[in-house]
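The values are calculated or read from the model by the stated rules, or taken from the named source; none is laboratory data. Bear in mind that the values here come from a model prediction, so they are computed numbers and not experimental data. Heads up, the Cβs are rebuilt from the backbone with ideal geometry, glycines too, and the neighbour counts pull from every protein chain shown. Note: accessible area is taken over every heavy atom of the protein model, side chains too, but ligands, DNA and RNA are not part of it. Shrake-Rupley method; radii C 1.70, N 1.55, O 1.52, S 1.80 Å.
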Amino acid sequence: MRIEPGSEKDSDQCRAIIHEYYKCYDAFEQFRMIGERLILSGQNNEISYRAYNSYSYFILHLYEFLMACHAREAHNTSITNKKGRDRTEYLDALVMSDTNRVISKTIDNIRLGIAPNWENDISHYESLLPVPPSFAEDFRIYRNKISGHASFERISELNLTEFYEKYHFYLHLLYRVEGSWWGRNRDDFPCLKDVTNFLKTIASET
């Protein structure tokens, strides 16, 4: 669907992007808290289950957040008219471009002396390059199989621990750098139309 720049649909697309960022933020914070509990209390089936779920939600909402941003840039909710393998390769290329950009931006900020104090090890960020060629494809596959479709692949063929160890720095940098403009630095919680009006009429009746 076409999104005309400056239109009400464009404003609503921005609201959808903000909403998706907040869902990503909630998932990451839940994962962080469960991870701290796992470290302090030790691993068991229930803690690992909850950590797995929260991290899978983080993957899902981060991917959807990035796609929503690209839909707005393309002025089209479909992003591209390409179909099949051409479409997936195009979307993967967008994610790779996003990832290379945020790493390069972070490195440049460190060199210019404008990065946060805790973001000062330029060698760490330089070591993230080149981005593994499989990153975008694996990101998309895990978004689909770990967070979406329920199948045996989730149980026996896709290892989320290995995915985390290989790609977490890339995901977190995308989340932190791309998300900062859309929600991290806000003082007041945004109005998201029907999202923030959910159950409002019921609450007003009590």
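Values computed for the structure shown
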item	result
Relative contact order (percent, whole number), the range 60-206, Cα cutoff 8 Å, 6+ residue spacing	25
Size descriptor, Kirkwood hydrodynamic radius, that averages inverse alpha-carbon separations across the range 27-100, Å	14.3
log10 of Debye I(q)/I(0), alpha-carbon scatterers only, for the range 148-190 at 0.15, 0.19, 0.31, 0.34 Å⁻¹	-0.60, -0.73, -1.00, -1.07
Apportionment of accessible area to carbon and sulfur, the chain, percent (1.4 Å)	52
The range 102-189: chymotrypsin sites (Phe, Trp or Tyr not before Pro) in DSSP coil with no more than 11 other Cβ atoms inside 10 Å	TRP118
Rg [Å, one decimal], Dmax [Å, integer] - the range 124-206, C-alpha atoms	18.7, 57
Label point distance in nm, SER127-HIS172, each placed 7 Å from Cα along Cα→Cβ	1.3
Spin-label model distance (nm) - GLU36 vs SER151, 7 Å beyond Cα toward Cβ	3.8
The range 156-178 versus the range 130-148: alpha-carbon centroid distance in Å	9
Candidate lysines - alpha carbon under 25 Å from LYS83, same-chain residues fewer than 8 apart omitted	LYS9, LYS145
Solvent-accessible area per residue for the chain (1.4 angstrom probe, square angstrom)	61
Assigned charges on the beta-carbon of Lys, Arg, Asp, Glu; the chain dipole about Cα centre (debye)	260
Efficiency of FRET between TYR164 and SER204 - r from beta-carbon atoms, R0 30 angstrom, step 0.05	0.10
Two-site FRET efficiency, ARG87 against ASN109, from Cβ-Cβ distance with R₀ of 45 Å, rounded to 0.05	0.85
19 Å cut-off, amide nitrogen to a point 7 angstrom out along LYS9 Cα→Cβ, residues in the range 56-90	67-82
